[in-house]
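Every number here is computed from the coordinates shown, using simple stated rules; none is lab data. As the structure is a prediction and not an experimental result, all values here were calculated from the model. Counting neighbours? That spans all protein chains shown, and the Cβs are built from the backbone with ideal geometry, glycine included.
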Amino acid sequence: MQTVNPYVIITDATADLPADMAAELGVTVIPMEFQLSDQTYEHFADAHVISIPDVYNRLRNGELASTSQINTFTYTQYFEPFFQEGKDILYIAFSSGLSGTQQAAVIAANDLLEKYPERKFSCVDSLCASMGEGLLVYTAAKKKENGLSFDELNQWLLDNRLHLCHWFTVDDLNHLKRGGRISGATAAIGSILNIKPVMHVDDEGHLIAVSKVRGRKKSLLSLVEHMEQTYSPDQNDIIFIGHGDSLEDAEFVRDLVQEKFGISNILISYIGPVIGAHSGPGTIALFFFGSQR
């Protein structure tokens, strides 16, 4: 009879999973660094270093933010104790289309596997971001609880990651401008005309602008309209909605989703500062499993 080795699921702070949910699922979340006005902070799932509302307030006041990738030393610190305990690691990484973080994870793990050759490691490129990555991790952890083996869950992730749909809009175009996502001219004209972009994450894990609408309410309605086009009822037992310190708008989208789809299990939570540094205050994002992205 084949021995099934115990394994753990690890992800990074860009997944924006609430700390209590991650703990309940037994998921380890590796913190990520961001810079705010030249000071560096570590963002943990419980945001104990600096609160997420504080970060958004400082962004509203004009402070500039940037982010850093997780380095190999940090990965080694988090991975090695599990290998020492005889556990294999399934790491679900932030989209390679948005960051090179997963490359550092693979380098760290390969070095450790020379020391622990009996262990198994897989780095799954989620091709997801924020709570889209979080919903993929949440669903994977639930499947692990239901008995999926390391190899089975690894394959499920590869087969299903492109069914994780991300639809979001931002309130202030200047944050996308600073991150190089749009030009200064586009940001200036869009702000004058009250243009709100509707965006998603494509099959390569890149951030893509899909359409532009005039006005905040129309942009929020558009998120749910896109959900209607691909939503798969049998794949969703929970829907995630993320917000950049804009709870009232997140609740507006939640109410629309409940009305149109009859879904009661909806998690609303913050988009953390690592993603929020680029999308800015007022970002609203809707995540669910669909027939395609």
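Brief remarks on what is shown
- Descending by average beta-carbon neighbour count within 10 Å, the peptides 122-128, 220-226 line up as 122-128, 220-226, the highest first.
- Cα gyration tensor, region 78-149 - rounded (a/c under 1.5), prolate or oblate: oblate
- Take every pair of alpha-carbon atoms less than 8 Å apart whose residues are at least six positions apart; their mean separation over the length of the chain yields a relative contact order of 22 percent.
- Computed over neighbours whose Cβ is under 12 Å from that of ARG254, the net charge equals -4, Lys and Arg +1, Asp and Glu -1.
- Compared with the alpha-carbon gap, the fully stretched path from MET21 to LEU64 is longer by 12.5 nm at 0.36 nm per residue.
- With a threshold of 28 Å on the Cα-Cα distance, the over-threshold entries among LYS144/LYS260; LYS120/LYS142; LYS142/LYS260; LYS144/LYS196; LYS120/LYS143 are LYS144/LYS260; LYS144/LYS196.
- Packing-based exposure ordering (other Cβ within 10 Å, fewest first) of TRP167, TRP156: TRP156, TRP167
- Spin-label pair ASN160-SER211: with each label point 7 Å from Cα along the Cα-Cβ axis, the two points sit 2.9 nm from one another.
- Over the chain, DSSP H runs of length four or greater, each weighted -39,500 (n - 2.57), average out per residue to a 222 nm ellipticity of -13000 deg cm²/dmol.
- Value of relative contact order over region 188-255, rounded to a whole percent, pairs C-alpha under 8 Å and six or more apart: 22
- Extension gain, GLU251 back to GLU204 (0.36 nm per residue minus Cα-Cα distance, nm): 13.9 nm
- Note, ³J(HN,Hα) from phi for region 34-48, Karplus 6.51, -1.76, 1.60, rounded to Hz, x at Gly and Pro: 9, 10, 9, 6, 6, 9, 9, 10, 9, 9, 9, 4, 8, 6, 7
- Electrostatic bookkeeping for ASP88 treats Lys and Arg as +1 and Asp and Glu as -1; over the other residues with beta carbon under 9 Å from its beta carbon, the sum is +3.
- Three-way shape label, region 247-293, alpha-carbon gyration tensor, a/c 1.5: oblate
- Highest to lowest packing among 244-255, 106-117, scored as the average C-beta count within 10 Å: 244-255, 106-117
- Amide H partners (placed H, <5 Å) of ILE30, local residues excluded: THR11, ASP12, ALA13
- Spin-label pair LYS143/ASN110, simplified geometry with 7 Å Cα→Cβ offset, distance in nm: 2.6
- Charge tally for LYS218 (other residues, Cβ to Cβ under 14 Å; Lys, Arg +1; Asp, Glu -1): +2.
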